[in-house]
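We did not get these values from a lab; they are worked out from the coordinates using the rules stated. The structure presented is a predicted model; accordingly, all values stated were derived computationally and were not measured. Neighbour counts run over all protein chains shown; Cβ positions are idealised from the backbone, glycine included.
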Amino acid sequence: MGLCYEKLLRPILFSLDPERAHEIGVNALRVFSAIPLFVRSLEHFNQLSSDYKPVSLFGLKFPNRVGLAAGFDKNGTCWRAASGIGFGHVEIGTVTFHAQPGNPRPRAFRYPGEEAIINRMGFNNQGAEALARRLSAQPDKAKRRIPLGINIGKSKITPLDEAVEDYLGTFNLIADYADYVAINVSSPNTPDLRKLQSEELLMNLLQELEKVNQERGERRVPVLVKIAPDLSFSEVEEVLSTIHTLGLDGIIATNTTLARPGPFAEVNEGGGLSGRPLTKKSTEIIRFISRETQERLPIIGVGGIFDSSSAAEKIDAGASLVQLYTGMIYGGPLLAREIAKGLAIRERAWM
């Protein structure tokens with residue numbers, strides 16, 4: 001399938017505008033999602049066999065270590081098909097309290113020579129209320145084949161000093177449907193959003209979210225924080241201190257970068273850079289987090305994963321799970337299956 005995608009399907013998709021190609025992929029998986037029996041059949045071929053133990057984290061069981069990162073299925077329309085193409089979990093969103101169209105098009109750009117993407121989508125989504133309605137009509141948690149994370153962010157129209165209420169509004173609408181919630185304070189494409197990573201603002205935001213979460217009692221949902229790769233190590237330390245103080249469940253490292261390394265120094269497109277150029281930086285941050293927390297804080301590693309080797313680097317650096325999105329654009333829809341199998345075989349060899 002990898003060679004078929006590379007020789008036949010990818011040239012067709014890459015002849016289209018990146019956002020149009022993305023819409024085709026979402027629509028295809030949405031059709032599959034509507035046929036549960038077909039998805040189950042695909043799982044038989046693309047998920048790890050029962051010979052391999054699932055990964056236990058946050059009180060959840062993940063059939064393998066590879067997840068689909070936020071950004072692909074913003075509105076929760078096709079995520080149920082992710083298990084059929086080999087993913088062990090999926091993170092939908094980013095969803096905001098207010099529906100919003102995102103930034104003007106064009107807003108996504110491919111760089112095949114570097115296996116990279118620059119995007120400035122701007123959290124285009126139908127809003128938290130629409131997502132909650134959609135998820136309420138889908139199978140409940142007990143019937144899911146893979147864990148579902150929901151990534152939430154700040155609405156563009158919401159001033160920074162009202163961000164807490166904005167996040168709380170979204171959280172209250174979607175928490176019942178999430179296996180975990182990712183707090184996105186790191187996208188570079190919403191004005192001022194990254195300021196929420198500062199120690200005071202982040203503590204205020206996460207403290208209020210966790211207060212509401214604790215009030216859910218047994219229905220409390222695991223909460224993770226998604227950070228940027230552009231933070232200094234001292235800034236990462238501040239984030240870790242906040243997470244530790246509040247007893248949150250984990251961290252996602254990392255989002256896209258505003259840096260323009262190597263050949264991107266001459267690129268004038270604004271937005272977040274993902275793909276191969278992010279591999280080293282995200283791994284460095286994962287390793288730092290793991291060392292600073294003495295391997296006690298669960299980490300989901302994201303950034304520049306294209307094969308089992310680059311995924312294994314994240315695991316070796318301290319990640320418990322990994323996620324990909326740009327890698328799938330270049331490697332094809334069954335890349336998760338290939339990576340999950342490679343990681344599982346590698347782990348078994350160590351036993």
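Measure of size requested: the Rg and Dmax of the stretch 263-325, with Cα atoms as the atom set and Å as the unit; please supply both.
Over the stretch 263-325's Cα set, Rg and Dmax evaluate to 12.8, 40 Å.
Quick one: Karplus J couplings for the stretch 109-124, per residue in order, coefficients 6.51, -1.76, 1.60, θ = phi - 60°, nearest Hz, x for Gly and Pro?
9, 8, 9, x, x, 10, 6, 9, 9, 10, 9, 9, 4, x, 6, 5
By the gyration tensor of its Cα atoms, with a ≥ b ≥ c the square roots of the eigenvalues, what is the shape of the stretch 144-285: rounded for a/c under 1.5, prolate for a/b over b/c, or oblate?
On the way: a/c = 1.76, a/b = 1.65, b/c = 1.07.
Verdict is prolate for the stretch 144-285.
Whole-Å semi-axes of the stretch 1-82's equivalent ellipsoid, largest first, each the root of 5 times a Cα gyration tensor eigenvalue?
26, 16, 14
Which order do the peptides 276-285, 178-187 come out in when sorted by mean C-beta neighbours inside 10 angstrom, highest first?
Values: 276-285: 20.9, 178-187: 25.0.
My ranking of the peptides, most packed first, is 178-187, 276-285.
Check which residues have an amide H placed less than 5 Å from Val95's amide H, if you skip close sequence neighbours.
Long-range HN contacts for Val95: Asn151, Ile152, Gly153.
For the stretch 2-350, what is the relative contact order in percent, using Cα pairs closer than 8 Å and at least 6 residues apart in sequence?
Once divided by the residue count of the stretch 2-350, the mean separation gives 18 percent.
Find how much the distance from Lys211 to Glu237 grows on full extension, using 0.36 nm per residue of separation minus their present alpha carbon separation; answer in nm with one decimal.
7.1 nm
Lysines near Lys211 by alpha-carbon distance under 22 Å, same-chain residues fewer than 8 away left out - which ones?
Lys154, Lys195, Lys226
Treat the chain as a sphere of radius equal to its Kirkwood radius over Cα pairs and apply Stokes-Einstein at 20 °C in a medium of 1.002 mPa s; give the translational diffusion coefficient in µm²/s, rounded to a whole number.
It diffuses with D of about 107 µm²/s by this estimate.
Assign one of three labels to the stretch 101-167, namely rounded, prolate or oblate, based on the Cα gyration tensor with a ≥ b ≥ c the square roots of its eigenvalues; rounded applies when a/c is under 1.5, prolate when it is not and a/b is larger than b/c, and oblate otherwise.
The shape class here is oblate.
Using the Kyte-Doolittle scale, find the helices of the chain whose mean hydropathy is at least -1.0 and whose Cα atoms extend 30 Å or more along the helix's long axis, counting only whole DSSP H runs. Don't jump to the answer; show the numbers that get you there.
Details: long enough: none.
The qualifying helices: there are none.
Among Trp350, Trp79, what is the fewest-to-most ranking by other Cβ atoms within 10 Å?
Ascending Cβ contact count within 10 Å gives the list Trp350, Trp79.
Nearest 500 deg cm²/dmol is fine: what mean residue ellipticity at 222 nm does the chain get from its DSSP H runs of n ≥ 4 alone, each adding -39,500 (n - 2.57), divided by its residue count?
-11500 deg cm²/dmol
Order 242-250, 106-114 from most to least packed using the mean count of other Cβ atoms within 10 Å.
Result, highest mean Cβ count within 10 Å first: 242-250, 106-114.
Which whole-Hz couplings ³J(HN,Hα) result when phi for each residue of the stretch 152-161 is put into the Karplus expression 6.51 cos²θ - 1.76 cosθ + 1.60, θ = phi - 60°, listed in order with x for Gly and Pro?
Computed from phi, the couplings for the stretch 152-161 are 10, x, 7, 5, 4, 6, 8, x, 4, 6 Hz.
Of the peptides 313-321, 56-64, how do they stack up when ordered by the mean number of other Cβ atoms within 10 Å, highest first?
313-321, 56-64
Each residue of the stretch 101-106 in turn: what ³J(HN,Hα) in whole Hz from Karplus with 6.51, -1.76, 1.60 and θ = phi - 60°, glycine and Pro shown as x?
Karplus-based 3J(HN,Hα) across the stretch 101-106 equals x, x, 7, x, 7, x Hz.
Hey, which lysines would be in cross-link range of Lys53, C-alpha to C-alpha under 21 Å, not counting anything within fewer than 8 residues on its own chain?
The reachable lysines, counting only those whose Cα sits under 21 Å from Lys53, are Lys61, Lys141, Lys143, Lys314, Lys341.
Once you list every other residue whose beta carbon is under 13 Å from the beta carbon of Leu206, what net charge do they have if Lys and Arg are +1 and Asp and Glu are -1? All intermediate terms of the calculation are to be shown ahead of the outcome.
Details: positive: Lys211, Lys226; negative: Glu199, Glu200, Glu208, Glu210, Glu238, Asp249.
Around Leu206, the charge tally is -4.
Tally Lys/Arg at +1 and Asp/Glu at -1 over every other residue whose Cβ is under 14 Å from the Cβ of Glu115; what's the total?
+1
Classify the stretch 98-219 from the C-alpha gyration tensor, please: rounded if a/c falls under 1.5, else prolate or oblate depending on whether a/b exceeds b/c. Intermediate values should be presented prior to the final figure.
Values: a/c = 1.83, a/b = 1.24, b/c = 1.47.
In terms of gyration-tensor shape, oblate.
Mind telling me which of Leu29, Leu16, Leu193 comes out most flexible in a GNM of the chain, alpha-carbon contacts under 10 Å?
Among Leu29, Leu16, Leu193, the largest GNM mean-square fluctuation belongs to Leu16.
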